[in-house]
Amino acid sequence: MTDYDPQSLEGIPQSGLERLEQNREGLYTSDLSVNEFLLVTEAGFDPVGLVVGSSIFHIGFQVAGPTTSCELTVLSQAMYSARHLAMTRMEEEADQLGADGIVGVRLEIGRYEWGQNMAEFIAIGTAVKHRDGVLHRAPNGRPFQSDLSGQEFWTLLRTGHRPVGMVMGSCVYHVGRRGPLRTISQTGRNVELPNYTQALYDARELAMQRMQSEAQELEAEGIVGVSLSETSHGWGSHVIEFFALGTAIVPTGARTAIEPPIPVLDLNDP
């Protein structure tokens with residue numbers, strides 16, 4: 001696991017240092033939409049710059065028996081470590097700008113022709129700072145991260161909660177194949193495939209449990225906006241990564257009145 005260093009400039013090229021200096025001088029950049037920008041600033045936060053973290057990672061190799069369902073721990077650790085490295089570098093950039101946190105974070109994976117087992121892990125978001133100097137950092141003193149949109153961020157603050165960090169859990173799982181006799185016996189029948197059911201169930205639960213453990217480390221009250229994705233990343237049809245991601249939140253005690261929803265009829269519907 002990569003140690004967090006708020007003073008770190010490791011890996012940032014000269015052009016990146018110049019970009020951060022421009023941000024510190026007052027010229028901010030942001031990938032927020034105009035609507036998101038409006039609501040984030042209305043919530044009392046100003047964007048201070050677009051922050052990025054990147055890591056090109058070599059994914060190790062691990063073999064499981066063809067009929068064995070099990071976690072591929074080497075791959076799970078690689079996928080988690082690579083994302084964490086990119087997110088840490090993004091956080092360190094935000095610290096260079098004196099930000100309280102990062103909103104609208106996106107985690108992306110890029111594949112290139114340089115190698116089958118190589119991938120670039122990218123974390124990108126807009127660093128923000130509270131206009132009145134109210135500290136909104138995580139309990140560990142680091143800038144908070146959130147994958148909530150600008151609209152969701154504004155709404156969350158109105159409920160009397162704030163984000164303290166993005167939490168994630170990863171599990172790469174090998175789903176064992178059925179034996180030939182069982183395959184033949186089930187041909188043409190409507191029947192549950194318990195080995196597949198249990199394998200996918202186990203993998204999802206491992207990813208979600210790890211995400212919740214991260215939230216506990218942040219002393220969070222809960223996690224909102226959770227997404228659970230399944231991707232093979234080219235490993236083959238029986239190897240799948242289950243990835244759980246969400247935003248951990250804590251109460252602020254400053255709940256505001258929320259207007260009741262107003263029904264709207266979309267006239268563009270056919």
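The values are calculated or read from the model by the stated rules, or taken from the named source; none is laboratory data. Computed from a predicted model, the values in this text were never measured in an experiment. So basically every Cβ, Gly included, is an ideal-geometry build from the backbone, and we count neighbours across all protein chains shown.
Among the residues examined, Ser55 does not qualify as crowded, with 22+ Cβ neighbours inside 10 Å, hydroxyl-bearing (Ser, Thr, Tyr) and on the phi < 0 side of the Ramachandran plot.
Go over the candidates Gly11, Gly65 one by one and state the one that is at negative phi and either loosely packed, with under 15 Cβ neighbours inside 10 Å or not hydroxyl-bearing (Ser, Thr, Tyr) (or both).
Step by step, each of Gly11, Gly65 is checked, and only Gly65 is at negative phi and either loosely packed, with under 15 Cβ neighbours inside 10 Å or not hydroxyl-bearing (Ser, Thr, Tyr) (or both).
For the structure I just gave you, tell me whether Leu157 is among the hydrophobic types (A, V, I, L, M, F, W, C) and either at pLDDT below 90 or touching a Leu at 6+ places or on another chain (Cβ under 8 Å) (or both). Considered against the rule, which asks whether it is among the hydrophobic types (A, V, I, L, M, F, W, C) and either at pLDDT below 90 or touching a Leu at 6+ places or on another chain (Cβ under 8 Å) (or both), Leu157 comes out as no.
When region 67-96 is filtered for residues that are farther than 30 Å from Glu18 by Cβ and in a helix (DSSP H, G or I), the ones remaining, listed by number, are Thr73, Val74, Leu75, Ser76, Gln77, Ala78, Met79, Tyr80. Condition first: under 18 Å from Met87 (Cα atoms) and either in a strand (DSSP E or B) or touching a residue at least 40 places away in the same chain (Cβ under 8 Å) (or both). Now tell me which residues in region 130-141 satisfy that. Selection gives Ala138, Pro139, Asn140. Looking across region 68-84 at every residue that is surrounded by fewer than 20 Cβ atoms within 10 Å (Cβ to Cβ) and of a type in the set (A, V, I, L, M, F, W, C), the one that is nearest to Val105 (Cα to Cα) is identified as Val74.
Just one residue in the set Ala123, Ala99 is part of a strand (DSSP E or B), surrounded by 15 or more Cβ atoms within 10 Å (Cβ to Cβ) and in contact with a Lys or Arg (Cβ under 9 Å, 6 or more places away or on another chain); that residue is Ala123. Applying the criterion of being closer than 30 Å to Gln77 by Cα and of a type outside the set (A, V, I, L, M, F, W, C) to the residues of region 144-169, the residue that is surrounded by the most Cβ atoms within 10 Å (Cβ to Cβ) is Gly165. Residues in region 222-249 that are exposed (fewer than 13 other Cβ atoms within 10 Å of the Cβ), in contact (Cβ under 8 Å) with a residue 12 or more places away in the chain and outside any strand (DSSP E or B): Gly234 alone.
When Asp147 is tested against (1) modelled with pLDDT of 90 or more; (2) acidic (Asp, Glu); (3) assigned to a loop (DSSP other than H, G, I, E, B); (4) within 21 Å of Ile56 (Cβ to Cβ), only condition (4) is not met. When Gln77, Gln62 are checked against the criterion of being modelled with pLDDT of 85 or more and of a type in the set (S, T, N, Q), a single residue qualifies: Gln77. May I ask you to verify whether Arg106 is under 24 Å from Ser146 (Cβ atoms), touching a residue at least 12 places away in the same chain (Cβ under 8 Å), in a helix (DSSP H, G or I) and of a type outside the set (Ser, Thr, Tyr)? No, not satisfied.
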